[in-house]
Amino acid sequence: MLLGVLDFFLFFTALNTGYLARFPQDGFQRALGNDQLARLAVLYAALMSVAMISMGLYQRRPQDRADLILRTGLAFLFASMAISLAFYAFPHFSLGRGVFGYALLFSFIMILLSREAFFRWVGDESFRHRVLVLGTGKYAKLIEDLERTEGGFNIVKFVALHDKVDKVSKARQVKIRDSLLSLAFREGIDELVVAVDDRRKRLPVDDIIDCKMSGIRVFDLQSFFEKETARVNIDLLSPSWILFSDGFHMGIFTQYGKRVLDILVSLLMLITLSPVMLLVCIASKVESRFRDPIFFSQVRVGQNGKPFNVYKFRSMRTDAEADGVARWATANDERVTSLGRFLRKVRLDELPQLLNVLKGEMSLVGPRPERPEFVTELTKKIPYYHERHRMKPGVTGWAQLRYQYGSTSEDARRKLEYDLYYVKNASLFLDLNILLQTVEVVLLGKGAH
């Protein structure tokens, strides 16, 4: 609420500042005495605040910079549309496009700066959810370990029920004296996690329902892990959870919107980066003394297991697999050329994949396309591995952002957890978030091999 009040004041100030920037001859005193300007500033601040609320910018959550910028940008887009309609319907209220443009610019800058200062002032602790865990066994211990590694929540207490073995200290345990709801209210609980080792034994179902109906969010173990880690934990995954959990469905709007986004962004990137791609072609020819090809094509597994040829700028020697045996790429791989090492560092070797995107074989965002030899091997070793092929493979993706470059079966297992999260939660908003974060990865060279 404090942040909401601060934002409203900033929006009000931004419109007045925009007016002064557009009409500096009016002066500060005249602007203060302008009743119509004051009314429009209130209307502007109200519509902007409603748009910010609609994009979830006042919900308590750990702050991710890309997510903040994306949500703020969308809020400004929706608010701009609403304000434009209001000015069109009541033209005598309009102050002109110049004032409106200045106001939006000042608003965006003020909001980002004020939120950075606000988050530093209130600290990370205020964004942590207070969690009550039902259980004290091995599953409860997993959540305790997660608390140390993720840090997005605080476990207030572990409720002792029927677990055979205690895995958490007695000091953190509590028994239900009167009711679970009373305990939750007394401790200021935001979320309740059911993490008993054997759910066949009697759970306090009525108490859990009371908590849920009183506004406390209730999670099973897998769903809580997914929320906190942005991945689907394969070790906890069960067919029943896949069947009855939300997600794993992409609507018509998302499907067509994703395809339109793929085409527009791919064309824009190909046109904008064509000089860079030309320089890469020249450099590749010079490095190989005009003997080796510039491009590299390889069979990969696409959507629903359909094979296709992926295109890249060649970054390895032409004899990298002279014996015909498929090998994982590794850190500091000796097969990578000098130019190829640079291309991989800044991800320029991936640019020809935009042609695969235009052909519809790939998407901008999705699981990394793997070679058939590796897919056959990993499908035998890792449960649910074939599920990642429900989506088109992507030039970038959630797993590529969240996990380092993989060169082992264990790496593939961990990356699959992020791929499954993407398959479950695929949306245009998530795609835009990933693309925004990919820009940071490319500019800073994070995670490249």
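Only Cα sites of the stretch 130-180 enter the Debye sum here, all with the same form factor; the resulting log10 I(q)/I(0) across q = 0.17, 0.20, 0.25, 0.31 1/Å is -0.46, -0.63, -0.94, -1.28, listed in q order. Using a/c under 1.5 as the rounded threshold, could you call the stretch 255-342 rounded, prolate or oblate? The axes a ≥ b ≥ c are square roots of the C-alpha gyration tensor eigenvalues, and prolate needs a/b larger than b/c, oblate otherwise. Oblate, since a/c reaches 1.5 and b/c is not below a/b.
Of the options 8, 253, 378, report the single residue whose Cα projects farthest towards the positive end of the charge dipole of the chain (beta-carbon charges: Lys, Arg +1; Asp, Glu -1). Most positive-ward Cα: 378.
Here is the list for the stretch 161-261: chymotrypsin sites (Phe, Trp or Tyr not before Pro) lying in DSSP coil, each with at most 15 other C-beta atoms within 10 angstrom of its C-beta, are 248.
A viscosity of 1.306 mPa s and a temperature of 10 °C, combined with the Kirkwood radius over C-alpha pairs in the Stokes-Einstein formula, give the chain a diffusion coefficient of 62 µm²/s.
With a cut-off of 15 Å between beta carbons, the residues surrounding residue 10 carry a summed charge of -1, where Lys and Arg count +1 and Asp and Glu -1. Simple rule: put +1 on each Lys or Arg Cβ and -1 on each Asp or Glu Cβ in the stretch 128-229, find the dipole, and look at 222, 155, 129; the Cα lying farthest toward the positive end is 155.
Computed from point charges on the beta carbon alone (+1 for Lys and Arg, -1 for Asp and Glu), the dipole magnitude for the stretch 69-185 about its Cα centre is near 320 Debye. In this structure, the residue pairs whose Cα-Cα separation is over 21 Å, taken from 141/164; 138/164; 175/212; 258/380; 258/345; 312/345, are 258/380; 258/345. If R0 is 60 Å, what FRET efficiency do you get for residue 288 and residue 198 from their C-beta distance, rounded to 0.05? So, using R0 = 60 Å, E works out to roughly 0.45.
Summary value for the chain: 12 percent relative contact order, contacts being C-alpha pairs under 8 angstrom separated by 6+ residues. Rounded to the nearest whole Hz, the Karplus-based 3J(HN,Hα) values (6.51 cos²θ - 1.76 cosθ + 1.60, θ = phi - 60°) of the stretch 352-365 follow the sequence x, 5, 4, 5, 4, 5, 5, 6, x, 7, 10, 10, 4, 10, with x at glycine and proline. Counting only DSSP beta bridges with both residues in the chain, the antiparallel share comes to about 30 percent.
The Cα-based radius of gyration of the stretch 128-229, divided by its Kirkwood radius, gives an Rg/Rh of 0.92. Once both labels are positioned 7 Å from their Cα atoms along Cα-to-Cβ, the gap between residue 236 and residue 13 label points is 4.3 nm.
Estimated from helical segments only, the mean residue ellipticity of the chain at 222 nm is -17000 deg cm²/dmol, where each DSSP H run of four or more residues counts as -39500 (n - 2.57). In summary, the aspartates and glutamates within cross-link reach of residue 306, defined as a Cα separation below 20 angstrom excluding same-chain residues under 8 places away, comprise 262, 361, 370, 373, 377, 387, 419. Here the gap between residue 36 and residue 90, fully extended at 0.36 nm per residue and compared with their Cα-Cα distance, gives a gain of 18.2 nm.
With a cut-off of 14 Å between beta carbons, the residues surrounding residue 87 carry a summed charge of +2, where Lys and Arg count +1 and Asp and Glu -1.
For residue 246, what is the net charge nearby, where nearby means another residue's Cβ is under 13 Å from its Cβ and Lys, Arg count +1, Asp, Glu -1? Summing Lys and Arg as +1 and Asp and Glu as -1 gives 0. Once Rh for the stretch 308-449 is found with the Kirkwood sum over Cα pairs, what is the Stokes-Einstein diffusion coefficient at 20 °C and 1.002 mPa s, in µm²/s? The Stokes-Einstein estimate is 136 µm²/s. Residues within the reach of a label modelled at residue 410 (point 7 angstrom out along Cα to beta-carbon, backbone nitrogen below 16 Å), restricted to the stretch 213-248, are 234-235. The calculated FRET efficiency for residue 373 paired with residue 276, based on their beta-carbon distance and R0 = 35 Å, is about 0.65. Helices in the chain that qualify as membrane-span-like (whole DSSP H runs, Cα extent of at least 27 Å along the helix axis, mean Kyte-Doolittle hydropathy of -0.5 or higher) are 2-22, 35-54, 65-89, 97-122, 252-272. Placing +1 on each Lys and Arg Cβ and -1 on each Asp and Glu Cβ, with no other charges, gives the chain a dipole about its Cα centre of roughly 400 debye. Assuming charge only on the beta carbon of Lys and Arg (+1) and of Asp and Glu (-1), the dipole of the stretch 128-229 about its Cα centre is about 320 debye to the nearest 20.
Based on the Cβ-Cβ distance of residue 259 and residue 170, what FRET efficiency does E = 1/(1 + (r/R0)^6) give at R0 = 35 Å, to the nearest 0.05? Rounded to the nearest 0.05, the efficiency is 0.05.
Every number here is computed from the coordinates shown, using simple stated rules; none is lab data. If you're wondering where the values come from, they're calculated on a predicted model, not measured in any experiment. Neighbour counts are summed over all protein chains in view; Cβ atoms, including those assigned to glycine, are modelled from backbone coordinates with ideal geometry.
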